[in-house]
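The values are calculated or read from the model by the stated rules, or taken from the named source; none is laboratory data. All figures in this text were calculated on a predicted structure; none of them were measured in a lab. FYI the Cβ positions are ideal-geometry reconstructions off the backbone, even for glycines, and counts take in every protein chain you see. Keep in mind that these areas ignore ligands, DNA and RNA; they rest on the heavy atoms of the full protein, side chains included. Shrake-Rupley method; radii C 1.70, N 1.55, O 1.52, S 1.80 Å.
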Amino acid sequence: MKILYNPLMPSDINQADMVSDYQADMVFHGLVKKLGKDVHTFFDMWWHRKKIKEDRPSLFNKIWGKGFTMYGLLDEQDYTVLDRNEHVGEYDAVVVPIHHTMTRQDGHLNSIIDFFVDRGYGRNRIIVVDGWDRDYICEDAANKCTYYKREMLDSQEEIANPISFAFPEEKIREVDDSNRSVPFAPLVPVNQSIDPSYMSTYIYEEEESYYDMYQTAYFSYTSKKGGWDTLRHYEIIANGSIPFFVDIENCPKNTLWNLPKEKLIEAKNTLGGIPNLKEGEWKNETLPHCGVIEKENPGKLENFNLEKWIEYRKFFYDWLKEKNTTTALADYILGKI
């Protein structure tokens, strides 16, 4: 199978703090891991290259999320970069992720779709991936292609397919509980608009120390921030901790589509992880966000059953390795061609 990866993205984008788009980059990484040189693109995608990360690590630190987890994982020869003057050839499908710099650019999106429609591509061969953390969908475009939406409402089922973040398999660590002793991880994710003081828990400058932190904790807080999906959910699982998702009961059915939400609710309510709240005591109720939690002493264990915790942890860890890698994501979006 030969795929053209043709994101809706400025052709001259080069600033490290602007290039990344998690959903688009996860799709690209998964396609390349699955299809290799049969993934063609007119974009350089330099932020995916190992050699550049090795040569210029400070540049990658400027990428969103300090370049952790998703970036610098591929070699230049792993995929095919086309000359911009090259004629667009024939492909089994074209994949058009919407980069975060081009949200609600409906005219540009429709132009790309119409270009391929005019060349005989049916809607099952034009794949649009919309990773914006708002629920807006360009319905005109969605009616002409196979449209995947990340922050998706139940009412949008007729025009779109759900999609969610995925994780590069090579970044999933082997389970190691030798340093696991902390009830809750010290990083407490809170929007600065709620309480900027929580940024004092974001102290990790290196990916290894960030991952090591999650390997010390039985539970790790996560929640909705700008949107429901974030790499943090999966980084927690990849390092053998269990996400304590404070508000997941409010998540729409088709958002965080592939995450085992019911199992996460069970884990939160039955395994003995108890949040330390600023006011009052937790009574197995949904919390509005992590800003209601004491950041200096985020939680404790009560009636904790290690064997049961290990059982749940294995479920989430196996799910990530088997069903939520970037390669599994590529299989998912290619499955409708």
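Against the definition (modelled with pLDDT of 95 or more, under 21 Å from Y22 (Cα atoms) and over 17 Å from the mean Cα position of the chain (by Cα)), how does E249 come out, yes or no?
Details: modelled with pLDDT of 95 or more: yes; under 21 Å from Y22 (Cα atoms): no; over 17 Å from the mean Cα position of the chain (by Cα): yes.
When the stated conditions are applied, E249 does not pass them.
Selection of first residues in segment 51-68 that are under 14 Å from S209 (Cβ atoms) and of second residues that are acidic (D, E) and open to solvent by less than 90 Å² (accessible area, probe 1.4 Å), restricted to Cβ pairs under 6 Å at least 6 apart or on distinct chains, gives the following pairs, ordered by first then second residue: F68/E207. When N284 is tested against (1) over 28 Å from the mean Cα position of the chain (by Cα); (2) of a type outside the set (A, V, I, L, M); (3) at pLDDT below 95, only condition (1) is not met. Within segment 134-156, residues that are closer than 18 Å to N124 by Cα have Cβ atoms under 8 Å from residues that are among the small types (G, A, S) and loosely packed, with under 15 Cβ neighbours inside 10 Å in no pair, counting only partners at least 6 apart in sequence or on another chain.
Residue by residue, here is whether (1) over 21 Å from the mean Cα position of the chain (by Cα); (2) among the acidic types (D, E) holds:
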{"residue": "I3", "(1), (2)": "yes, no"}
{"residue": "D21", "(1), (2)": "no, yes"}
{"residue": "D25", "(1), (2)": "no, yes"}
{"residue": "G30", "(1), (2)": "no, no"}
{"residue": "W46", "(1), (2)": "no, no"}
{"residue": "R49", "(1), (2)": "no, no"}
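Contact annotation: residue pairs with Cβ atoms under 9 Å, 6 or more positions apart or on different chains, pairing a residue in segment 11-25 that is more than 26 Å from I163 (Cβ to Cβ) with a partner that is open to solvent by less than 80 Å² (accessible area, probe 1.4 Å) and part of a loop (DSSP other than H, G, I, E, B), are N14/D44. Do we have S193 as assigned to a loop (DSSP other than H, G, I, E, B) and under 24 Å from K34 (Cβ atoms) here? So S193 fails the test. Within segment 139-159, the set of residues being open to solvent by 10 Å² or more (accessible area, probe 1.4 Å) and in a loop (DSSP other than H, G, I, E, B) comprises N143, K144, R150, E151, L153, E157, E158, I159.
Restricting attention to segment 26-40, which residues are in contact with a helix residue (DSSP H, G or I) (Cβ under 8 Å, 6 or more places away or on another chain) and in a helix (DSSP H, G or I)?
The first filter runs over segment 26-40 and keeps only residues in contact with a helix residue (DSSP H, G or I) (Cβ under 8 Å, 6 or more places away or on another chain), leaving 26-37, 39.
Hits for segment 26-40 are M26, V27, F28, H29, G30, L31, V32, K33, K34, L35, G36, K37.
All conditions in (1) open to solvent by less than 30 Å² (accessible area, probe 1.4 Å); (2) closer than 29 Å to T255 by Cβ; (3) outside any loop (DSSP other than H, G, I, E, B) hold for F43, with the sole exception of (3). Scanning segment 196-213 for residues that are more than 17 Å from M70 (Cα to Cα) and open to solvent by less than 40 Å² (accessible area, probe 1.4 Å) yields Y198, T201, M213. Could you check, for segment 289-300, whether at least one of its residues is at pLDDT 95 or above, aliphatic (A, V, I, L, M) and under 21 Å from the mean Cα position of the chain (by Cα)? Scanning segment 289-300 turns up no residue that is at pLDDT 95 or above, aliphatic (A, V, I, L, M) and under 21 Å from the mean Cα position of the chain (by Cα).
With the condition kept exactly as written, say whether any residue in segment 171-184 is touching a Lys or Arg at 6+ places or on another chain (Cβ under 9 Å), of a type in the set (A, V, I, L, M, F, W, C) and assigned to a strand (DSSP E or B). Taking every residue of segment 171-184 in turn, at least one turns out to be touching a Lys or Arg at 6+ places or on another chain (Cβ under 9 Å), of a type in the set (A, V, I, L, M, F, W, C) and assigned to a strand (DSSP E or B).
Return yes or no: is V182 under 19 Å from S20 (Cα atoms) and either at pLDDT 95 or above or open to solvent by less than 10 Å² (accessible area, probe 1.4 Å) (or both)?
Details: under 19 Å from S20 (Cα atoms): no; either at pLDDT 95 or above or open to solvent by less than 10 Å² (accessible area, probe 1.4 Å) (or both): yes.
Here the answer is no, as V182 does not meet what is asked.
Among strands (runs of 3 or more DSSP E) lying entirely in segment 238-337, which contain 1 or more residues that are of a type in the set (A, V, I, L, M, F, W, C), touching a Cys at 6+ places or on another chain (Cβ under 9 Å) and surrounded by 13 or more Cβ atoms within 10 Å (Cβ to Cβ)?
242-245
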